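Worksheet: the structure to be examined is printed underneath.
The values are calculated or read from the model by the stated rules, or taken from the named source; none is laboratory data. Source: prediction; values computed, not measured. Every residue, glycine as well, gets a Cβ built from its backbone with ideal geometry; the counts of neighbours run over all protein chains shown.
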Amino acid sequence: MPLLALGLNHRTAPVAIRERIAFHAERLDAALRNLLDCGCACEAAILSTCNRTELYCRLRNDDGRRVLDWLGDYHALPVTDLQPYLYQYADQRAVRHILRVASGLDSLVLGEPQILGQVKAAYQAANSAGALGSRLQRLFQHTFAVAKQVRTDTRIGASPVSVAFAAVGLAKQIFADLPQRIALLIGAGDTIELVARHLHDHGVGRLIIANRTLERAHALVAPFAGYAIGLEEIPAHLGEADMVIAATTSPGLMLDVALIRQCLSQRRRQPMFMVDLAVPRDIDPAAAELDDVYLYTVDDLKDIIQDNLRSRQTAAEQAEEIIDSQVEHFMAWLRTQDSTASIQALRQQAEAARDEALLRAQRQLGQGKDPAEVLRLLADTLTNRLIHTPCAGLREAAAQGDAEMLNMIKTLYRLNGGNSCQ
């Protein structure tokens, strides 16, 4: 039974399409059960994020078309409308795809770590719904192990590639004792929220957020146990800030060089780290000339991010080598499982033939027939049953001139001599 990965992502489909086939978390259980009930898959998991929707299935047959039809029907979308945006991978390519996804190699931001948590959530949802069997269970566990290996053995996630994370990364370089430091963030948009989250995660001592709307500043800083102030209060707090990160949409400067110089005298030559993420700028560029001020602009961070992206690209090449090896490891295990099923079926067939022949022999003995003759007939019956299938295969292959099949049967049954099936 083949594996299938079917879906679309940020590279293949615009958000208008992605949002139409997204699966809401609270309805995922029902969707998985519906997919299995339609009869096209015997195992399934659904990964649905803002950047991708993907179905991972173990099919009941070789036809993945029914999964595609189900996806369209479930979201009330014609398949013809979906097909231009979809990709479909089978077996080895499906395994490679999920390993690359979980390792961050297929993400909008190369190497981002959040996707692994999302893959784990998809696994947990499928497991809770009873939608996983031995193949997908093993595939997901293998995926988690490979993603961990990629993180451990490469530097795929070591270098920041967002301006918010890059700003915090610079702060950590300048201040080794981040838990003893105070950060003043100016603004309350998405970028400042990310900066606040990163600083909090890295244990900054205290967070102050200044914004034109005090209520918004309070709402943003509350999860981080920080302090909110209005813009007019900045002069009273600027001197206590070891780092200042600004990202507003104001058309004019939020901090002029005179105010910064005044605050530096209060700090007694303690360094002040400043990052201006705004366009137009929030911090007077003349502040860069002041002693003990380390001022970076968004352009400076972009240069850092580009260098880090190049570093991640090198790490990604190493990650691809790991994935190449691990894909083959999983496929080898999968082939073993397929052979195990075939061996079990062959054994069951042989045991059924044995039981039937043995029952006939016992009846003959019960009828008083010569035991030696009964044993001879039993041996002949079992021999004929065991060689019937390979002999029929050899005759058919010979009649069709199929040399490859002939050699395969000879190899399987270790027939070193000529064909003795007459």
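Among the criteria (1) buried (at least 19 other Cβ atoms within 10 Å of the Cβ); (2) out of contact with any strand residue (DSSP E or B) (no Cβ under 6 Å at 6 or more places or on another chain); (3) modelled with pLDDT of 95 or more, the one Ala166 does not fulfil is (3).
Determine, yes or no, whether Ala316 is small (Gly, Ala, Ser) and surrounded by 15 or more Cβ atoms within 10 Å (Cβ to Cβ). It is true that Ala316 is small (Gly, Ala, Ser) and surrounded by 15 or more Cβ atoms within 10 Å (Cβ to Cβ). The residues on offer are Arg60, Arg27, Arg11, and the sole one that is surrounded by 14 or more Cβ atoms within 10 Å (Cβ to Cβ), at negative phi and basic (Lys, Arg) is Arg60. With respect to Leu105, determine if the residue is at pLDDT 95 or above, surrounded by 16 or more Cβ atoms within 10 Å (Cβ to Cβ) and either polar (S, T, N, Q) or not in a helix (DSSP H, G or I) (or both). Taking the combined requirement at face value, the residue does not satisfy it.
Note on segment 162-208: residues that are of a type outside the set (Phe, Trp, Tyr) and either assigned to a helix (DSSP H, G or I) or under 15 Å from Thr297 (Cα atoms) (or both) amount to 29.
Could you please find all residues in segment 23-58 being among the hydrophobic types (A, V, I, L, M, F, W, C) and farther than 17 Å from Leu139 by Cα? Once the filter is applied, which keeps residues that are among the hydrophobic types (A, V, I, L, M, F, W, C) and farther than 17 Å from Leu139 by Cα, segment 23-58 yields Phe23, Ala25, Leu28, Ala30, Ala31, Leu32, Leu35, Leu36, Cys38, Cys40, Cys50. Residue count for segment 116-141 satisfying the condition of being of a type in the set (Ser, Thr, Tyr) and closer than 16 Å to Thr336 by Cα: 1. Among the residues of segment 301-311, not a single one is in contact (Cβ under 8 Å) with a residue 12 or more places away in the chain, part of a loop (DSSP other than H, G, I, E, B) and surrounded by fewer than 17 Cβ atoms within 10 Å (Cβ to Cβ). For segment 19-63: of the residues being among the charged types (D, E, K, R) and within 17 Å of the chain's Cα centre (by Cα), which is farthest from Gly133 (Cα to Cα)? Within segment 19-63, the match that is farthest from Gly133 (Cα to Cα) is Arg52. Out of Gln326, Gln349, one residue alone is of a type in the set (S, T, N, Q), in contact (Cβ under 8 Å) with a residue 12 or more places away in the chain and under 30 Å from Arg58 (Cβ atoms). It is Gln326. Inspect segment 235-243 for any residue being closer than 27 Å to Pro113 by Cβ, in the same structural domain as Asp282 (by TED's automatic domain parsing) and assigned to a strand (DSSP E or B) and give the result as yes or no. Looking through segment 235-243, at least one residue is closer than 27 Å to Pro113 by Cβ, in the same structural domain as Asp282 (by TED's automatic domain parsing) and assigned to a strand (DSSP E or B). Going through (1) within 33 Å of the chain's Cα centre (by Cα); (2) surrounded by 12 or more Cβ atoms within 10 Å (Cβ to Cβ) one by one, Leu264 falls short only on (1).
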